[in-house]
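The values are calculated or read from the model by the stated rules, or taken from the named source; none is laboratory data. Being a predicted model, the structure only gives us computed values, none of them experimental. Here Cβ is always computed from backbone atoms with ideal geometry, including for glycine, and neighbour counts include all displayed protein chains. When the accessible area is computed, the model is the full protein with side chains, heavy atoms only, and any ligands, DNA or RNA have been set aside. Shrake-Rupley method; radii C 1.70, N 1.55, O 1.52, S 1.80 Å.
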Amino acid sequence: MQQVNLGIIGGGTVGGGVFDALRRNGDLLSSRIGVRVHVEKVAVRSLKKNRGVKIPKNLLTENWLEVVGDPKIQLVAELVGGTTVAREIVLSALKLGKPVVTANKALISAHGEELFAAAKKYGANLYYEASVCGGIPIIKSLREGFVGNRINALYGIVNGTCNYILTRMKLEGADFAEVLADAQKLGYAETPPDLDIDGHDAAHKIGILASLAHGFWVNPKKIHVEGIRHVSALDIKFAGDLGYTIKLLGIVKKIEGACRVQVSVYPTLIPNAHVLASVNYAFNAVFVRGDVVGDSLFYGRGAGKDATASAVLSDLADAALDLKFANKHRLPPFVPHECSGAVVPIADVVSQYFVRLNVIDRPGTLAKIAAIFGAAKIGISSVIQPEGHEGEGVPLIFMLHYATNGAVSGALKKIGKLPVIKGKPVMIRVENFE
């Protein structure tokens, strides 16, 4: 059986997980693809570190250049994370004509165009299935399974930390800070947790999916990103009373009649009857709407040692087969096919809205607020003032009709200045998947 020699760079959670998965299922992989993937060398940060996975000492090195530059190594797995050293590792391997497998979403999001150009220039390939949603094969599905579809919409719950926090807030009625602290103790959230709870991790992933779905590389700076810090237990309760669940949703939506696409990450009210509303705890899901296939759902674990290792093994199998057959039938890592495409500014995006105001309960308050919405040509579908709230400020809930984000933001800015308003207005968009 033909053998491909693999060099792994990174021996932490992901790198160790991949090594362990190859040790467990390497024979199975070989029997299915007809190529043996042999680990030749593993580069780690420190030889002295105790690891969860035992890697033989004779395979270890602290110098990643020894892996990339080893003439016996034909395939490189970059599993160190970050965007500086990782970029150098990937470019160095590609320049030597060696295919690279990576699980690094931040790297692909920030430097994808450069890395894909290098892969093309040096006749190598770059595989990145594990960079988005761990064990869910969403990248392969967009590149291959839906190759004959126009992707009209894609909605993703792609950050397990945020989904875990929002799930517990809903089920337990707990506040954000309380659940976040617990999530950090349990290892679901990092310290500091900013990358996850402020939406940046989700933005890396949704930007990659948007690029694949629409054929132009999405600049991360063009993605509108909001996290979940401002979502309160009160918002989740009122949303539930209205028949909705709040999720941090990545949205990629084609604007009808133009080569323009909405690419956004923000908390969203989802109807309880929709399948995404039942995706709980640390699980991920991606809902795809193609013009030929219709609606499809991908669901599974989006992070963790084993889920990520599963995706890396899939890419290693593809890379090994490409090497065996001299890359005759491979797909390039990214094919630009919609060069005139553009990301729509969030101010121009049209949505429905949930708005919560904290108001002084006095005659005329509602009329003043409604007048501002009316002047901005924003329709109100319902108004709720829940009973049982007393004191200087009481909640007032509005469900608004379709309007641009710019119009709603402008109206709320004016409403926030009214003397009867206490605190900053809370606005959460509503998605009905129409």
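Quick note on the stretch 57-214: its Rg to Rh ratio, both from C-alpha atoms and Rh being the Kirkwood radius, is 1.04. Rounded to the nearest 20, the size of the Cβ-charge dipole of the chain about its Cα centre is 780 debye, with Lys and Arg at +1 and Asp and Glu at -1.
Put simply, when 354-362, 304-312, 59-67 are sorted by average Cβ atoms within 10 angstrom per residue, most first, you get 304-312, 354-362, 59-67. Computed from backbone phi, the HN-Hα couplings of the stretch 287-296 come to 9, 10, 10, x, 6, 9, 6, x, 9, 9 Hz, rounded to whole numbers (Karplus: 6.51 cos²θ - 1.76 cosθ + 1.60, θ = phi - 60°; Gly and Pro given as x). The distance from the alpha carbon centre of the stretch 157-189 to that of the stretch 339-386 is 28 Å, rounded to a whole number. Once the C-beta distance of Lys121 and Lys414 is scaled by a Förster radius of 56 Å, the resulting FRET efficiency is 0.55 to the nearest 0.05.
Calculated mean residue ellipticity, 222 nm, the chain: -11000 deg cm²/dmol, from DSSP H runs (n ≥ 4) at -39500 (n - 2.57) each, averaged per residue and rounded to 500. Counted residue by residue at 0.36 nm each, then reduced by the alpha carbon distance between them, the extension gain from Lys72 to Ser296 reaches 76.4 nm. Annotation: extensible slack from Asn25 through Ser232 equals 70.1 nm (criterion: 0.36 nm per residue apart, minus Cα-Cα distance). Both radii come from the Cα set of the chain: Rg as radius of gyration, Rh as Kirkwood radius; their ratio Rg/Rh reads 1.03. Backbone amide hydrogens, once placed in the peptide plane, bring Val343 within less than 5 Å of Val261, excluding anything fewer than 5 places away on its chain.
With a 1.4 Å probe and every protein chain kept in, tell me what percent of the accessible surface of the stretch 233-376 is carbon plus sulfur. Looking at the stretch 233-376 in its full context, I get 57 percent from C and S. Listed by chain and number, the lysines whose C-alpha is less than 18 Å from the C-alpha of Lys72, apart from same-chain residues fewer than 8 away, are Lys41, Lys95, Lys98, Lys324. Taking packing as the residue-averaged number of other Cβ atoms within 10 angstrom, the listed peptides 69-75, 23-29 run from highest to lowest as 69-75, 23-29.
Hey, if you drop one equal point scatterer on each alpha-carbon of the stretch 1-139 and run the Debye formula without solvent, what base-10 log of I(q)/I(0) do you get at q = 0.19 Å⁻¹? The calculated log intensity ratios at q = 0.19 Å⁻¹ are -1.19.
Under 5 Å between amide hydrogens, built in the peptide plane, is the criterion, and for Arg36 it picks out Gln2, Gln3, Val4 among residues at least 5 positions away or on other chains. Here the Karplus curve 6.51 cos²θ - 1.76 cosθ + 1.60, taken at θ = phi - 60°, turns the phi angles of the stretch 338-344 into couplings of 9, 5, 8, x, 8, 8, 6 Hz, with x standing for Gly and Pro.
Close amide-amide hydrogen proximity is noted between His401 and Gly379, Ile380, Ser381, each under 5 Å apart and 5 or more residues distant or on a separate chain (H modeled in the peptide plane; Pro and chain starts excluded).
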